[in-house]
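What follows is one structure encoded as structure tokens, with my remarks underneath.
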Amino acid sequence: MPALRIFVADDHELVRLGIRSLLEANEGWKVCGEAGDGSEAVEGTRELKPDIVILDVGMPRLNGLDAARQILRYHPEQRVLILTITATEQMARAALEAGAKAYVLKSDVGRDLIAAVSALQHGRTFFTSLAAQMVLNGYLTGIRAVKGEFTSPSLTLREREVVQLLAEGRSTKAVAVLLNLSVKTVETHRNNIMRKVNVHSVAELVLYAARNDIVQVCSPSVALST
């Protein structure tokens with residue numbers, strides 16, 4: 001039987017090493033590639049075509065949720081597992097909406113990662129009971145939104161990329177270079193985004209991005225047991 005090929009994306013090298021060690025301790029599983037940011041993950045997945053992609057949410061350049069969206073746009077059958085430090089309704093719902101089939105908290109990697117990958121290997125999904133409860137709470141939140149109690153503007157994938165890079169402290173020119181756009185186009189995106197989310201400065205935009213999980217404030221590397 002061919003080896004199960006897994007791609008791992010996390011911006012902390014030690015975390016990637018720990019995940020590789022956990023995964024490759026299982027016979028027939030192989031980490032075929034790694035990435036340190038979301039853009040590298042998208043390109044690496046397209047090139048290597050792994051069976052399963054593990055994406056950390058809090059990565060630079062392109063966060064894990066938007067990387068998942070880009071990957072699944074080109075490969076709808078790709079099996080994606082989301083890793084996150086954030087245990088919230090919004091994050092669990094966002095992982096589902098991005099197309100992930102598995103959701104694991106970084107604090108639970110040592111306990112749940114193998115089970116999650118095994119589930120994906122056999123065509124199943126994997127969400128912990130806590131995540132399932134958060135998804136239910138998110139569903140109820142969505143019902144309240146329909147009733148007008150809560151609304152959130154929708155950003156395009158390109159706008160989310162621009163928000164993430166600006167929130168990382170990159171200049172408009174640097175964003176233009178990274179996204180292969182003109183400075184004027186980036187400025188137009190920035191202005192459209194600020195109008196959509198009703199903010200009036202880049203500082204307010206950064207706060208909006210953090211609150212809505214477009215960017216994630218990362219904690220120090222999570223220790224992984226082997």
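Here are the numbers for this structure:
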item: Residue ID - surrounded by the most Cβ atoms within 10 Å (Cβ to Cβ), chosen from residues in segment 20-66 that are at negative phi and among the basic types (K, R); result: R20
item: Residue within segment 21-41 that is out of contact with any Leu (no Cβ under 6 Å at 6 or more places or on another chain), within 30 Å of S171 (Cα to Cα), of a type in the set (S, T, Y) and part of a helix (DSSP H, G or I) present; result: no
item: Close pairs (6 angstrom Cβ cut-off, 6 or more residues apart or separate chains): in a loop (DSSP other than H, G, I, E, B) in segment 49-77, surrounded by fewer than 21 Cβ atoms within 10 Å (Cβ to Cβ) and among the small types (G, A, S) anywhere; result: R61/S39; L62/S39
item: Failed item, numbered, when R144 is tested on (1) at pLDDT 55 or above; (2) within 30 Å of L105 (Cα to Cα); (3) not in a loop (DSSP other than H, G, I, E, B); result: (1)
item: Qualifying positions in segment 5-16 - of a type in the set (A, V, I, L, M) and modelled with pLDDT of 95 or more; result: I6, V8, A9
item: Pair list, Cβ < 8 Å and 6+ apart or interchain, from segment 112-130 residues that are under 14 Å from A92 (Cβ atoms) and outside the structural domain of Q90 (by TED's automatic domain parsing) to residues that are crowded, with 19+ Cβ neighbours inside 10 Å and modelled with pLDDT under 90; result: none
item: Filtered residue count, segment 178-189, keeping only those that are farther than 16 Å from R160 by Cβ and touching a helix residue (DSSP H, G or I) at 6+ places or on another chain (Cβ under 9 Å); result: 4
item: Tally, over segment 1-19, of residues that are basic (K, R) and either surrounded by fewer than 20 Cβ atoms within 10 Å (Cβ to Cβ) or more than 19 Å from the chain's Cα centre (by Cα) (or both); result: 1
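The values are calculated or read from the model by the stated rules, or taken from the named source; none is laboratory data. Given the structure is predicted, the values throughout are model-derived calculations rather than measurements. Methodologically, a virtual Cβ is constructed for each residue, glycine included, from the backbone with ideal geometry; neighbour enumeration extends over all protein chains shown.
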